[in-house]
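Engineer: Quick one: structure below, then a few questions.
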Amino acid sequence: QVQLVESGGGLVQAGGSLRLSCAASGFTFSSAVMGWFRQAPGKEREFVAAISRDDRITRIADSVKGRFTISRDNAKNTVYLQMNSLKPEDTAVYYCAAGFTGVVPVEDYKYWGQGTQVTVSS
């Protein structure tokens, strides 16, 4: 059974930091591109970051570039999203996803977690 379980969300003040984790099971983690997406109320789910199978190529959305970083630990079947200098605009449900055909488009991801809430107060 495939599972992606996010953790690390919470309530923080603007300028603070959070580190999200996503623990994966039920598939070959090292064969998957891993991504993070987010969805705020009234908005479409949007791409945040992705990391390649070999841990050497990353893509970061312009809206979070310079503040967020993505990393993975294949030995632990875990992908991380380090979020620094958080802004109220970052408030959203953050989703972990695994894909095998692409990097950025939502439709390229096959497996999804349930999401973790990140709330940034002003």
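Engineer: List the residues, sorted by chain then number, that are 5 or more residues from T91 or on another chain and whose placed amide H is less than 5 Å from its amide H.
Structural biologist: Result for T91 returns V120.
Engineer: Here's something else I'd like to know. Taking the Cα centre as origin and putting +1 on Lys and Arg beta-carbons and -1 on Asp and Glu beta-carbons, what dipole magnitude results for the chain, to the nearest 20 debye?
Structural biologist: Approximately 180 debye in magnitude.
Engineer: Using a 1.4 Å probe and ignoring any ligands, DNA or RNA, find the accessible area of V93 and quote it in Å² to the nearest 10.
Structural biologist: 40
Engineer: Report ³J(HN,Hα) in whole Hz for each residue of the stretch 36-52, in order, from the Karplus equation J = 6.51 cos²θ - 1.76 cosθ + 1.60 where θ = phi - 60°; Gly and Pro get x.
Structural biologist: Listing the rounded values in order: 10, 10, 9, 9, 9, x, x, 10, 6, 5, 10, 5, 10, 7, 8, 9, 6 Hz.
Engineer: So, one more: Using the Karplus equation 6.51 cos²θ - 1.76 cosθ + 1.60 (θ = phi - 60°), what ³J(HN,Hα) coupling, rounded to whole Hz, does each residue of the stretch 92-99 give in order, writing x for Gly and Pro?
Structural biologist: Working through the residues one at a time gives 4, 8, 9, 10, 8, 9, 10, x Hz.
Engineer: In nm, to one decimal, how far is the modelled label at V2 from the one at R56, with both set 7 Å along Cα→Cβ?
Structural biologist: 2.6
Engineer: Subtracting the Cα-Cα distance from 0.36 nm times the residue separation, let me have the gained length for A75 to E89 in nm, one decimal.
Structural biologist: Extra length from A75 to E89 when fully extended: 1.7 nm.
Engineer: Follow-up question, since we're still on this one. Amide H to amide H under 5 Å from L86: which residues, 5+ apart in sequence or cross-chain, H placed 1.01 Å off N in plane?
Structural biologist: G15, G16
Engineer: From the backbone phi of the stretch 12-25, what are the Karplus-calculated ³J(HN,Hα) couplings (6.51 cos²θ - 1.76 cosθ + 1.60, θ = phi - 60°) in whole Hz, Gly and Pro given as x?
Structural biologist: Calculated HN-Hα couplings, in order: 9, 7, 3, x, x, 10, 9, 10, 8, 10, 9, 9, 10, 7 Hz.
Engineer: Place the peptides 50-60, 70-80 in order of packing, highest mean first, counting for every residue the other Cβ atoms within 10 Å and averaging per peptide.
Structural biologist: Answer by packing, highest mean first, reads 70-80, 50-60.
Engineer: How far apart, in nm, are the 7 Å Cα→Cβ label points at S122 and K110?
Structural biologist: 4.2
Engineer: For Cα pairs less than 8 Å apart in space and 6+ apart in sequence, what is the mean separation divided by the residue count of the chain, i.e. the relative contact order in percent?
Structural biologist: 35
The values are calculated or read from the model by the stated rules, or taken from the named source; none is laboratory data. Source: prediction; values computed, not measured. With ideal geometry, Cβ positions are generated from the backbone for all residues, glycine too; neighbour counts draw on all protein chains shown. Keep in mind that these areas ignore ligands, DNA and RNA; they rest on the heavy atoms of the full protein, side chains included. Shrake-Rupley method; radii C 1.70, N 1.55, O 1.52, S 1.80 Å.
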